[in-house]
Amino acid sequence: MDKPILLIGLGITACAVIIAYNAGLATQNISHSQRINELNSEIKKRDELISKKEQEVQNHKTFIRRKDTAARRFVDEYFKGEKK
C-alpha cells in the first residue's frame, strides 16, 4: 500500500520540478527578450544618428559645390576681358 502512495508522491514531485524548470526558462527568456529590445533600441538610435550625420555630410558637399561654382563664375567674369 505504501508503494502506490510513494509513486504518486514521486510523480507529483517530478511534475513540480518540470513546472519549476519551465518557469525558470520562461523568466530567462523574458529577460533575454528585454535585453534584445534594449539592444535593438540602441541600434536604431545609432542608425538614426548615422543617417543624420550622412545628411550633414551631403549638405556640406552641396554647399562646397555651390561655393566652388560661384567662385569659378566670379573668376571667369573677372578675368573675361583679359582672355585673348
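Quick note: the coordinates plus some simple rules give every number you see, no bench work behind them. Only a predicted model underlies this, so the values are computations on that prediction, with no experimental measurement involved. Positions of Cβ are generated from backbone atoms using ideal geometry, with glycine treated the same way; all protein chains shown enter the neighbour counts.
Helix 2-78 against the longest principal axis of the chain: what's the angle in degrees, Cα atoms only, rounded to the nearest 10? It works out to around 0 degrees. The count of lysine pairs in the chain with alpha-carbon distances below 25 Å, taking only pairs 8 or more places apart or on different chains, stands at 10. Working from label points 7 Å from Cα in the Cα-to-Cβ sense, the residue 13 to residue 25 distance is 2.2 nm. One way to sum up the overall shape of the chain is the equivalent ellipsoid from its Cα gyration tensor, whose semi-axes run 80, 7, 4 Å, largest first.
Between residue 32 and residue 46, what length in nm is gained on full extension when 0.36 nm per residue of separation is reduced by their alpha carbon distance?
Gain on stretching residue 32 to residue 46: 2.9 nm.
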